[in-house]
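A quick write-up on the structure given underneath.
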Amino acid sequence: MLSLLRRWKQLSRLQRSLILFLLALLLILALLSYPSITEQWRGLSDKEDWLEVNDRGLNMVPPGLKPVLRPAEGKPPAPVAGPHLEPAEGPPDTMEPRGPNIPALAKPPTKRKPFLNKRASPSSQRDAANPDAVSEAKQNPEVVPKEAGEEEEEKEKKIVSWRGAMIEAEQATEPPPSANEKEAVEPQAPANPAATVPQQVSPGTPERLEAVRDAFRHAWKAYKEYAWGHDELKPISKSFSEWFGLGLTLIDSLDTMWILGLKEEFAEARSWVEKELSFDKNVDVNLFETTIRILGGLLSCYHLTGDQLFLDKAKDIGSRLMPAFKTPSKIPFSDVNIGKGTAHPPRWTADSTLAEVTSIQLEFRELSHITQDPQYQDAANEVMRLVHKLPGKHDGLVPMFINTNSGQFSHKGVFTLGARADSYYEYLLKQWIQGGKTEDDLLEDYLQAIEGVKKHLVRQTGPGRLTFVGELSHNRFNPKMDHLVCFLPGTLALGAHNGLPGDHMDLAVQLMETCHQMYKQMETGLSPEIAHFSLQASDGHDVIVKPADRHNLLRPETLESLFYMFRFTKDSKYRDWGWDILQSFNKYTKVSGGGYTSINNVRDPANPGPRDKMESFFLGETLKYLYLLFTDDLELLSLDKYVFNTEAHPLPIWPSPPK
């Protein structure tokens, strides 16, 4: 101690002053940092504060207790088969009253774990998944400019969707929202910022159901004003696009309106079907798309309403699609001229997509069942009989194409549960259920296919051990998964519910988590069209999104599976995940003047890049599954009584034949 004191005295006055200054500075910094350190320690606690919301304000609830919300005051409307529905009457008025006005509290930024690299690595152009280029930027002064580097990614002006739909490129982006618009879509903050709590308060069932109705009304308002009777709404340019000229959005939405109890909108749409819808047109239509959207939609409406109008229209379009089956192999052509009664393959090939020719059976079988005319079911069943015995499968997995002349698989060696093959597997199970579980070939093909999926396509990511379904190309595994594959958790759960092996449900739970993460890990909270997955733990991120795959088309598959998972498990987390997706749709895809639009970039919340297109399935499927996910009436379209086609149109399960 004395030696230290002597050394201290030997220092010059300047040196001693400098040392004292540094010590004082360190002490001050330590005192200043003390509150933030304790806050971080507090944030690591496993228990978070809950909020209880009532009509008067926000009240703290002790940790460990759940917030209690006001019980629902009404029941959601159920589809009731009834007499002919006149436009002035509509469905019974059983609309659910709104619950209390509950502000949604935003989660703090620390809850979301953004990727450090917001730009995915460059990749080659995709023939079926390029984002649209925006061509109206010079004409519209409010268009948000494209980011540097995006022009090279978007040279293709059109893309083909998995169902063959041409997605148009000449679309303007939406101007930045005004302050009022931001307030309408962004979570409401509490009056006191210091009162923000990490846990978000979940609204009750009535509020969620009404939010779905509000979303439908917002979309329908723009369709009615700018695209009435046309196929699809272009909400940014306030116009429409035609595909077949058959009012696709309107027909696709009919049963959704009935289920949601939107009687006025339903009556208007029914009047258009009665007075304006004609299939006597010289127009080529896609067999698959017309079957699942129009034939399926009309048959569903007939069963829900008992209205003969819809059955008459269904028989009309069904008979006009039959020429597609007049091929050398009985594998149907992809395109039909419903006015001339002729059919043909695409101009560039004699092949049909396997998913398209094997995903029309539910509808044609039901048309025969209800009309007692066997021609429709016979033609559809023959396709399944031929595919059942075809060589070229790989442990139940099937190639993506089939030749209409030879009836044989083509382009062999590529196996996927995504585009061009997905609904083949879905319809194997659903036909078996529809027919009363009597058709053993369908069940055999389904069970063998699921074993093939588990053996060849299921993998886990390295970082987070997420289970996903990849693709196989000539024995090389590709860790790529289309958003379309997110139909699979729901289908697996449906099979398990109908007595199939329990490990199907285990896989469904794991894949459902992965589909949820495809939304959660994106900055907008919306999934990309295609995701790639990291197999190496050192990669850091589970989900990788390439530049050409960043778009979101308002697809329903994840919400479809969430609906099945909640119905079978009653686990409320699936409802919460669906609510998060609806909130993200409202924040990043809702157009202020009406409608919702697909977007180009789920990784860029500041400029998601609206595409000016609202697919008919947003109203026909996405919002319908959200409503069915949130309703407490579990007998509303019971999965023991109805089977949903691949466009979310419910068809009745046939009674089992007497033994």
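Every read-out reported here was derived from the displayed coordinates using simple, explicitly stated rules and does not represent laboratory data. Since this is a predicted model, take the numbers as computed values, not measurements. Positions of Cβ are generated from backbone atoms using ideal geometry, with glycine treated the same way; all protein chains shown enter the neighbour counts.
Give the relative contact order (percent, whole number) for segment 205-652; include only Cα pairs under 8 Å separated by 6+ residues.
Relative contact order here is 17 percent.
Taking neighbour Cβ counts within 10 Å as the exposure measure, how do Thr353, Thr291 sort from fewest upward?
Placing the least packed residue first, the sequence is Thr353, Thr291.
Just check segment 205-652 against the gyration tensor rule for me: Cα atoms, a ≥ b ≥ c as the square roots of the eigenvalues, rounded for a/c under 1.5, and otherwise prolate or oblate depending on whether a/b exceeds b/c. Could the numbers behind the result be given before it?
Details: a/c = 1.40, a/b = 1.05, b/c = 1.34.
Rounded, because the longest to shortest axis ratio a/c is under 1.5.
Please sort by residue number the GluC sites (Glu not before Pro) in segment 203-269 whose DSSP state is loop and whose Cβ has at most 16 other Cβ atoms within 10 Å. Let's see the in-between values first.
Numbers: sites: Glu207, Glu210, Glu225, Glu232, Glu242, Glu264, Glu265, Glu268; in loops: Glu242.
Those satisfying the criteria are Glu242.
So for segment 244-347, averaging the separation of alpha carbon pairs under 8 Å that are six or more residues apart and normalising by length, what relative contact order in percent results?
28 percent
So which trypsin sites (Lys or Arg not before Pro) in segment 564-658 end up in coil per DSSP with only 14 or fewer other C-beta atoms within 10 Å? Each step should come with its number before you reach the end.
Values: sites: Arg567, Lys570, Lys573, Arg575, Lys587, Lys590, Arg603, Arg611, Lys613, Lys624, Lys641; in loops: Lys570, Arg603, Arg611, Lys613, Lys641.
Qualifying residues, ordered by number: Lys570, Lys641.
Taking the Cβ of each residue in Ser410, Ser239, Ser359 as the centre, tally the other Cβ atoms inside 10 Å and list the residues starting with the fewest.
Going from sparsest to densest Cβ surroundings: Ser239, Ser410, Ser359.
Can you bin segment 444-493 into rounded, prolate or oblate? Criterion: square roots of the alpha carbon gyration tensor eigenvalues sorted a ≥ b ≥ c, rounded for a/c under 1.5, prolate for a/b above b/c, oblate for the rest. Could you put the intermediate results ahead of the total?
Working: a/c = 1.75, a/b = 1.22, b/c = 1.43.
Cα axes put segment 444-493 in the oblate bin.
With a/c under 1.5 counting as rounded, go ahead and sort segment 498-615 into rounded, prolate or oblate using the C-alpha gyration tensor (a ≥ b ≥ c being the square roots of the eigenvalues; past the cut-off, prolate if a/b is larger than b/c, else oblate).
In terms of gyration-tensor shape, oblate.
Please report Ile544, Ile360 as a ranked list, fewest other C-beta atoms within 10 angstrom at the top and most at the bottom.
Ile544, Ile360
Using alpha carbons only, how many angstrom separate the centre of segment 560-597 from the centre of segment 229-262?
Answer, in whole Å: 20.
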